[in-house]
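A quick write-up on the structure given underneath.
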Amino acid sequence: MADTMQFDLVSPERRLASAQVASVQIPGADGDMTAMPDHAPTITTLRPGILTVDGPDGQSQYVVTGGFAEITAAGVSVLAERALAREDMTQETMDDIMEEARTMYKSVKEAFENEPGPVDDAAKLLSDMVAMGDHMGLTAKE
């Protein structure tokens, strides 16, 4: 059994990380999970949250707002809708993310007036964004 695996994190703007790591804690849409070397092949969607990586230089954290993670025996590839290093997350960035989520919720609610599925999904996304901000000590403006 190998001690490390390849980890890659990319967003539409850039590659944020590429390293050999011991584990990756993933905020999955169906629950948090930890991937380690020789993990069973899995693909999961991401919910807004903190992705935590244990590597040779210690622990690194990244804020993700959605996307996918592909886990194989060789490693983890995360394709994030938006991602940034945890230390780069500011109140201003949180406010921008929350405004986008609120705008999306409002437009989905108007477009799917009597269809709870899409509206529920948008409300869950907004709720996850608020929880992520609370976890980091950032407040969501009303």
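Overview of values
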item: Some residue of region 73-88 being in contact with a strand residue (DSSP E or B) (Cβ under 7 Å, 6 or more places away or on another chain), assigned by TED's automatic domain parsing to the domain that holds Ser11, surrounded by 12 or more Cβ atoms within 10 Å (Cβ to Cβ) and over 17 Å from Ser11 (Cβ atoms); result: yes
item: Exclusive hit being within 13 Å of Thr4 (Cα to Cα), in contact (Cβ under 8 Å) with a residue 40 or more places away in the chain and of a type outside the set (Asp, Glu), set Gly49, Gly75, Gly66; result: Gly75
item: Test: Thr139 is surrounded by 12 or more Cβ atoms within 10 Å (Cβ to Cβ), more than 19 Å from Pro12 (Cβ to Cβ), touching a Gly at 6+ places or on another chain (Cβ under 7 Å) and β-branched (Val, Ile, Thr); result: yes
item: Count - residues of region 24-57 that are under 21 Å from Leu84 (Cβ atoms) and more than 13 Å from the chain's Cα centre (by Cα); result: 4
item: Which listed residue is over 20 Å from the mean Cα position of the chain (by Cα) and assigned to a helix (DSSP H, G or I), from Gly133, Gly117; result: Gly117
item: Among the candidates Tyr62, Tyr105, residue that is in a strand (DSSP E or B) and under 23 Å from Lys124 (Cβ atoms); result: Tyr62
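The values are calculated or read from the model by the stated rules, or taken from the named source; none is laboratory data. For clarity, every value in this text was computed on a predicted model and none was experimentally measured. Positions of Cβ are backbone-derived with ideal geometry, glycine not excepted, and every protein chain shown enters the neighbour counts.
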